[in-house]
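Have a look at the structure below, then the notes.
The values are calculated or read from the model by the stated rules, or taken from the named source; none is laboratory data. Every value quoted in this text rests on a predicted model; they were computed, and no experiment measured them. All Cβ positions, glycine included, derive from the backbone under ideal geometry; neighbour counts span all protein chains shown.
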Amino acid sequence: EISKIIAERVVKNTEELKDVDEEILVEILEKTNTLTPEVIGAIVKGKPKAAEKLLKKHGKTVIASIAHVEDIETQKTIASKALKLKLKREDIETLIDSLKPEALTVLEKCKCKDLSINEALLIKAISKLAKAFEYFRRARIEDNKGYLDMAYGTLSDYNHLMNEYAMLPEKGKSRIEEKIFKKAEILKTLITVVTSDKPMLPSKIVASPTIETLYILKELYDASLNPKVKEEILSIASKVAQKLRSRIRSTILSKKYVKTTLRSSNIIVRDSIYNILRKKSSPIVYRKRKKERKIALIIDVSGSMKAYAENAILLASAFIKVVNNVLVFREYVAKLDRSTVKSPERMVRFLFNLKFGGWTNISKALSEAKKLRSKTLVLISDLKQTVLTESPLDSAADLLKSRIELVVITPPIYDKALAKKLELLGAKIIHVKEAHDLVKALGFILY
């Protein structure tokens, strides 16, 4: 029973791990079979030193959990410990997937025997390219010519390895090779951004309106040291965000109309022609607009909710007429100004500077949301209340008694016990598998 409580506390609040002996913690959880993938991920994130002990028995889970670690140096530390083990080919693929492009320097230690000659050569090359970026960045920060010489030398090594790769017999690219080429493209762009006064971004990045594009632009924004370049990246990102929210809007608006035989201004031509050809008595079909309802979005910006929160803010921006209030919360609650949500440029600036992580106070967020006087509140959260002095159930009950509708959208990993209790109180619970599924979920709520 105690070990289950410990495991739950670990998952709910990784901050508590700072003062815990990782050796004892892992030992207790292993003995009681409570070391689930979710718990391992939380431990790695909150206590990276524990990774070494965990890697021996839970290597695959630890490697996959690196993706949730924000700090690049921590990513490198865990990955370098993993590379000391006898990793299989699929482990290397997961590692490449999980690491941020800047952290790929650690792959120079990769000695996996399962890799093909092509893959081994590319892995060596990508580690050199990542190292070159590191040197270029340090040269710019410290204004040190020595680092600049090292950067160009390492870049020369990368080009030499890529020439070797080009000389190898042509084969179809493996998944590992494809992943490396994608990371290399990002690293080259990062190098361009950090070394020049004008960002030369690949047309593919600028033209592709996806949330992944914004993630790449965020990395470029963080890498850049030139204020003018940062502003240019923000401008490009705002154009991408504008295209993205237009796409989101059209997806949801397709569900906005229902067919009817009642006269209105919009005729559905295709359905009407179909009925005329079949000589139906009432051939003309009209479109009736469904009634919209105003909602308030309450968005959890704790570390585990990063992808979902970013998508939710984009959704709010796409539906500013319907989403009349947006709150973001961790241990504190902040209301987004309507001008921020409405303007793609301001919204992107907010997203790029938003800090994820910290404690989570759902109770405070719900209490603040009640003051907004919206009839429908949509809470997007994993329901992991880490401020234990307050109860989300009390705040939710207070809301529901006031005849406010509460809809909770959760990711795959969430506090099931709290979700069940909220459902019993009268809240509607919607589960989504991926962050982009929020579009469908919000469409269902709105119309």
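The table below lists the values:
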| quantity | calculated |
| --- | --- |
| Residue that is surrounded by the most Cβ atoms within 10 Å (Cβ to Cβ) [pool: residues in segment 394-430 that are at pLDDT 90 or above and within 20 Å of the chain's Cα centre (by Cα)] | 409 |
| Near pairs, Cβ below 7 angstrom, 6+ apart or cross-chain, from segment 129-147 (more than 17 Å from residue 160 (Cβ to Cβ)) to any residue that is among the aliphatic types (A, V, I, L, M) and surrounded by fewer than 18 Cβ atoms within 10 Å (Cβ to Cβ) | 139/148; 140/225; 141/225 |
| Sole exception among (1) over 27 Å from residue 90 (Cα atoms); (2) surrounded by fewer than 17 Cβ atoms within 10 Å (Cβ to Cβ) for residue 150, by number | (2) |
| Enumeration of residues in segment 404-447 that are in a helix (DSSP H, G or I) and of a type outside the set (A, V, I, L, M, F, W, C) | 416, 420, 421, 423, 436, 437, 440, 443 |
| Wholly enclosed helices (runs of 4 or more DSSP H) of segment 101-196 bearing at least 2 residues in the same structural domain as residue 71 (by TED's automatic domain parsing) and of a type in the set (Gly, Ala, Ser) | 117-142, 145-167 |
| Any hit, segment 73-88, residues being touching a residue at least 12 places away in the same chain (Cβ under 8 Å) and closer than 17 Å to residue 185 by Cα | no |
| Unique match (being modelled with pLDDT of 75 or more and assigned to a helix (DSSP H, G or I)) among 86, 76, 45, 18 | 76 |
